[in-house]
1. Could you list, in sequence order, the residues of the stretch B:111-135 that are part of a helix (DSSP H, G or I) and touching a strand residue (DSSP E or B) at 6+ places or on another chain (Cβ under 6 Å)?
2. Please tell me if B:L81 is more than 16 Å from DNA strand D (Cβ to nearest atom), within 29 Å of B:I358 (Cα to Cα), within 14 Å of another protein chain (Cβ to nearest Cβ) and not hydroxyl-bearing (S, T, Y).
3. If you go through the stretch B:242-257 one residue at a time, how many are more than 8 Å from every other protein chain (Cβ to nearest Cβ), assigned to a helix (DSSP H, G or I) and not hydroxyl-bearing (S, T, Y)?
4. Looking at (1) more than 12 Å from DNA strand C (Cβ to nearest atom); (2) under 36 Å from the mean Cα position of the chain (by Cα), find the lone condition where B:K6 falls short.
5. How many residues does the stretch B:240-256 contain that are farther than 18 Å from B:E22 by Cα and touching a strand residue (DSSP E or B) at 6+ places or on another chain (Cβ under 8 Å)?
6. Checking the condition among the hydrophobic types (A, V, I, L, M, F, W, C), touching a residue at least 60 places away in the same chain (Cβ under 8 Å) and more than 10 Å from every other protein chain (Cβ to nearest Cβ), which residue from B:I177, B:I196, B:I233, B:I181 passes?
7. Could you please give the count of residues in the stretch B:1-43 that are aromatic (F, W, Y) and away from DNA strand D (no atom under 13 Å from the Cβ)?
8. Can you say whether A:T101 is more than 14 Å from chain B (Cβ to nearest Cβ) and over 19 Å from the mean Cα position of the chain (by Cα), as far as the supplied structure shows?
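The values are calculated or read from the model by the stated rules, or taken from the named source; none is laboratory data. This is a predicted model, so every value here is computed, not measured. As a convention, Cβ positions derive from the backbone with ideal geometry for all residues, glycine included, and neighbour counts pool all protein chains shown.
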2 protein chains.
Amino acid sequence: MLTERKRQILRAIIDDYVVHAEPVGSNYLVNKYKLGVSSATVRNEMSELEELGYLEKPHTSAGRVPSDKGYRAYIDLLLDLKPVSQTDQDKIESFFNNHMTEITTLVRQSASALSEQTNFPSLVISPRYSDTSLEQIKLLMIEPGKALVVVVLSPGIVKDRMIRIPHEIKQEDLHLISKIIEEKLSGQKLDQITLITISAAAEDVPVPESLLNQVLFEAYVSIKQAENIELYIEGTHRLFNHPEFQELALAKSFLDTMHQEGIVAGYMSEWESMNAELELTETNNPEEIEQVERTRREQPYLKENPSYMVRIGQEITLKGLEECSFITAAYKITNKITGRIGVIGPRRMEYGKIISQINFINYTLDQQIMELASGYDRKEDINGKEKEEQA
Amino acid sequence: MLTERKRQILRAIIDDYVVHAEPVGSNYLVNKYKLGVSSATVRNEMSELEELGYLEKPHTSAGRVPSDKGYRAYIDLLLDLKPVSQTDQDKIESFFNNHMTEITTLVRQSASALSEQTNFPSLVISPRYSDTSLEQIKLLMIEPGKALVVVVLSPGIVKDRMIRIPHEIKQEDLHLISKIIEEKLSGQKLDQITLITISAAAEDVPVPESLLNQVLFEAYVSIKQAENIELYIEGTHRLFNHPEFQELALAKSFLDTMHQEGIVAGYMSEWESMNAELELTETNNPEEIEQVERTRREQPYLKENPSYMVRIGQEITLKGLEECSFITAAYKITNKITGRIGVIGPRRMEYGKIISQINFINYTLDQQIMELASGYDRKEDINGKEKEEQA
DNA sequence: TTTTGGCACTCTGGGTTAACGAGTGCTAAA
DNA sequence: TTTAGCACTCGTTAACCCAGAGTGCCAAAA
């Protein structure tokens, strides 16, 4: 039903529209893209494409614009992933250059890079840590009545939190408590740890129960807090560089939705769970498989099983974002623990370019995380390097 | 030169304009505010007020709008600080209700409250910690090759940071290192601590020098990082609720400036240093002193020496913010260590209301910080309270 | 000297009309 | 099946007018 010529025309329309943001007409199209047929023919084709639901008319005497379905077809059938230019690669890598030592910073930095590269707002969501296990828990006395809880999860994630404790608790008590509960709890999955487990673990600590309970409760809260999914949004102001958000009403509803903490996070994490199945459906077309094969050889950052996902317009079920597109990819902390990174913008996006950027950034991020996890020793003489680093 | 009647008219114009955002004319004014004179008289007065620079005309046949100088006079001479309504007080206090345990969360929460209350973007800037002193420094082994540095500053501020360390370094080494440098350095002002001081402090630690140096360097960086001034901006999307930002160009230049991390932070911290002198100049008028006296008795959160500061339009020397006003107040961590909290918005603001809100929030914040610093023991039975807390 | 009514003048904003141009859809011929 | 031709639609822009709001100034009144 989608003849080769129809595809060609659809591709040309989308390629043009995403750049110029204006409905494209038949005449313009044949001239610019040398289609080798007359505008009347193109008109007929366009009319059929419209009937099939791939195109829409803003009004009678305008050209056509892609519909959700049109974009969807473009992405599934016509997408041409451009390799990331060397300068872009350099720019992105420079974002990671100042040896960061925490995964969260690494991930946020990626989001910044992504937003800057694409000129759209970007977002990252942390993995669900509930089925990772607790590795360490330390209680550090800061001053009488105050302590720092440090929770270390198995993939090397560190979270900490200040707590209040009874003044009677001494440094040694804390040390003892954390040592004992760490011994008993380490290795357990986070979502199996409850207040009861902890209390049981600390049963025979020689500290008055009422005091002990306060500390245990705070420790418990700290562990639960470490499970929290975190959402981070970067560069919302870049939205205004795009004509569709000149209309204040749209921009406002967008920003309002994005600023309702829970909503986007909820949506994305729910999404993350459906992840696996959906990804598979993306590669069921011989043509596309061949293409994937080819790029895999040429650009390692375009991974074999493309981990990106695109949601267009009405496919997004969040109120206020019906006119937008999400493009996200999964980043790995371990093979089983993944978060998502992506951009959000108007449906009119240069999907090819942007997906390449995301893939590349995601690839770089994965590498950095791996490097971080494996750890390494710096070979250089620190004193010699010091001046450079401060400059 | 500003007769009583001129003041009255200026006040009426500003009061009206800040609410309705439309140039106000002579007829409207006499009707609405029952000035007891004819519109012709008001016209003459307005004309003179314009000559004096307090008013401006958008064009010949429009009414008048206040100029920067007009707003300035309003704030210095005519300001009427309204008490914060009980419902507002309750709303603000509810932002602080979930016993937060870290100053930074407290401060950010205040910014959220402020933005929500005023419907403008709010911002907070952390104090300069360079002349506070180091109280503790701990090195916590996370796994071979990775450690957590915890830096505690004298007013109870805690900052931490993951670092990489040589694999050869053992838990005990770390413990020893941190113990020794803490002993030697604690009590020193942050800006007096250098890499040299630290190296000297750790001179006789029995760890091979090349390994030790790496750790010391990272410790040093962590301390320096603790000095960093942090800026936090909240609620920028609220800008679009105000008519002056319907013009995309304005909104864009605003957002762009705000998102250039360094700029606003630099401006505000520079400002903070001029703080003391400027505040004094605000109270040199018998009338105002009397007013301050009165409100001090009635609302404790309107402090005796009002700590708020207002910068209007051209008074702000940041590019892109010439059409805006800053209102900020200093919050105290200790008597000597202060940060700033405030809002930024169009010049057309209800200064009276907003300043009251800031004062109140600032007052509440100060109280919370004090309470945090003093620490307290919870009297309640934790187990009894637990269910409520989770709900 | 100050205030006021009256009046001419200025400028904006809304509404109407007309011309224009881009693009379509249809028909009939190639 | 493709294409040239043409009528038709609709949005955009500019020109124009008019009403309304507000000013500035003058001369008379307080």
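1. B:A111, B:S112, B:L114, B:S115, B:T118
2. Values: more than 16 Å from DNA strand D (Cβ to nearest atom): yes; within 29 Å of B:I358 (Cα to Cα): yes; within 14 Å of another protein chain (Cβ to nearest Cβ): no; not hydroxyl-bearing (S, T, Y): yes.
The answer is no for B:L81.
3. Matching residues across the stretch B:242-257 total 6.
4. (1)
5. 1
6. Numbers: B:I177 fails: touching a residue at least 60 places away in the same chain (Cβ under 8 Å); B:I196 fails: touching a residue at least 60 places away in the same chain (Cβ under 8 Å); B:I181 fails: touching a residue at least 60 places away in the same chain (Cβ under 8 Å).
None of the other options fit; the residue is B:I233.
7. We begin by selecting, within the stretch B:1-43, every residue aromatic (F, W, Y); these are B:17, B:28, B:33.
Filter again for away from DNA strand D (no atom under 13 Å from the Cβ), leaving B:33.
So the count comes out to 1.
8. On the way: more than 14 Å from chain B (Cβ to nearest Cβ): no; over 19 Å from the mean Cα position of the chain (by Cα): yes.
In short, no.
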